[in-house]
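In what follows, a single structure is set out as structure tokens and then discussed.
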Amino acid sequence: MVNVSSAELAVLEASLLNKSGNVPLHKRFRALFTLKALKSADAIRIISAGFQDESALLKHELAYCLGQMKDTSALPILGTVLENKSEDPMVRHEAAEALGAISSPSSIPVLSKYLSDSERTVRETCEIAIAKIKWDNSDEGKSSHSTSVDSKTTSLYTSIDPAPPTSPLLSGRINSEDTSESNILSLKGSLMDTKLPLFVRYRAMFALRNIGTPSAVDALASGFSDDSALFKHEIAFVFGQLLSTHSVPSLLRVLQNPKESDMVRHEAAEALGGIATPEVLPHLKEWMVREDAPRVVRESCQVAIDMWEYENSSQFQYANGLDESIVTEPRA
């Protein structure tokens with residue numbers, strides 16, 4: 001755990017909660033991810049206070065970070081957000097996913113309560129979160145977690161994902177059989193089979209992410225034809241983790257499609273910001289200011305441009321909210 005002074009915490013709090021009223025959103029994001037790295041009770045308290053904000057994008061990210069911190073003290077606020085039916089469905093979805101990330105069996109009752117929620121995104125997330133909690137506490141899950149702790153192999157992806165990869169790829173070690181066209185086609189079949197539980201389809205999704213070849217990217221991109229906004233948003237999130245330039249064309253199509261769900265377009269924008277190739281920047285700038293773009297898309301492009309600039313800079317880390325110039329500089 002990183003130790004910071006009370007004065008430094010106050011700076012982070014003022015930035016994240018925009019106490020001055022003029023902190024740009026992308027700098028609030030940097031403060032958020034700095035707090036996430038602290039993994040302290042104070043960090044959780046400050047992040048939790050942010051749910052009073054009016055930005056659905058920011059609140060969605062608050063819930064994500066609380067889940068990634070994997071601290072059970074965040075369970076009450078996440079449960080409250082999930083149960084608030086006046087909250088944006090994208091925020092409620094992320095609260096449910098965060099409950100799954102923390103993976104306490106005590107969360108199953110509240111998640112079960114919303115399996116029949118009127119919002120498809122919420123009920124599908126609750127379904128996946130319950131399955132993940134049960135898997136984490138299964139023999140396979142416990143064995144996988146203990147192996148990953150004991151193993152000298154470091155996974156390329158450090159995030160807590162909503163589902164583990166399919167069993168053969170749990171170790172994180174990829175062999176030639178995993179990357180074969182026949183295996184990728186098999187995983188694509190599972191990914192696209194709407195008769196399978198979403199958790200099973202997600203496992204195929206994260207297996208394809210771990211393989212990461214152009215063929216695996218193509219298989220993942222086929223998921224954008226699904227009718228579930230949640231499913232498509234996760235495909236875009238995975239592309240943001242992969243950072244494969246091969247995914248740029250499909251992500252641009254998603255961002256530019258006004259008929260696509262806001263949450264899918266938002267995730268595509270942030271993935272493009274992380275990939276940070278020259279051709280994506282004009283598109284992000286365009287959609288950040290377009291009057292016909294939904295607010296969450298415009299805000300995501302603003303954050304994505306900051307990510308693009310970070311990836312193309314010499315800055316040591318993105319979560320640099322304790323840099324005074326990052327926290328307090330007014331928007332130009």
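Observations on the structure shown:
- The residue that is most open to solvent (accessible area, probe 1.4 Å), among those in segment 2-26 that are of a type in the set (D, E, K, R) and modelled with pLDDT of 95 or more, is Lys19.
- Subset of segment 78-115 (residues that are under 21 Å from Ser261 (Cβ atoms) and among the small types (Gly, Ala, Ser)): Ser86, Ala95, Ala96, Ala98, Gly100
- Lone qualifier among Glu87, Glu61 - being open to solvent by 10 Å² or more (accessible area, probe 1.4 Å) and more than 15 Å from Phe29 (Cα to Cα): Glu87
- Checked against (1) free of Cβ contacts under 8 Å to residues at least 40 places away in the same chain; (2) open to solvent by 50 Å² or more (accessible area, probe 1.4 Å); (3) over 28 Å from Arg298 (Cβ atoms), Pro197 meets all criteria but (1).
- Selection over segment 157-166 of residues that are exposed (fewer than 15 other Cβ atoms within 10 Å of the Cβ) and modelled with pLDDT of 90 or more gives a count of 1.
- Val122 meets the conditions (1) open to solvent by 10 Å² or more (accessible area, probe 1.4 Å); (2) assigned to a helix (DSSP H, G or I) in every case but one. The failed one is (1).
- Among the residues making up segment 35-47, a single one is in contact (Cβ under 8 Å) with a residue 40 or more places away in the chain and open to solvent by less than 10 Å² (accessible area, probe 1.4 Å): Leu35.
- Top-ranked residue of segment 125-156 - restricted to ones that are part of a helix (DSSP H, G or I) and among the hydrophobic types (A, V, I, L, M, F, W, C), ranked as modelled with the lowest pLDDT: Val149
- Close pairs (8 angstrom Cβ cut-off, 6 or more residues apart or separate chains): free of Cβ contacts under 8 Å to residues at least 12 places away in the same chain in segment 253-274, of a type outside the set (A, V, I, L, M, F, W, C) anywhere: Asn257/Arg265
- Among (1) under 17 Å from Gly100 (Cβ atoms); (2) open to solvent by less than 30 Å² (accessible area, probe 1.4 Å); (3) in contact with an Asp or Glu (Cβ under 8 Å, 6 or more places away or on another chain); (4) not aromatic (Phe, Trp, Tyr) - the single one Leu169 does not satisfy: (1)
The values are calculated or read from the model by the stated rules, or taken from the named source; none is laboratory data. All values reported here derive from a predicted model rather than from experimental measurement. All Cβ positions, even for glycine, are placed from backbone atoms using ideal geometry, and neighbour counts span all protein chains on display. Note: accessible area is taken over every heavy atom of the protein model, side chains too, but ligands, DNA and RNA are not part of it. Shrake-Rupley method; radii C 1.70, N 1.55, O 1.52, S 1.80 Å.
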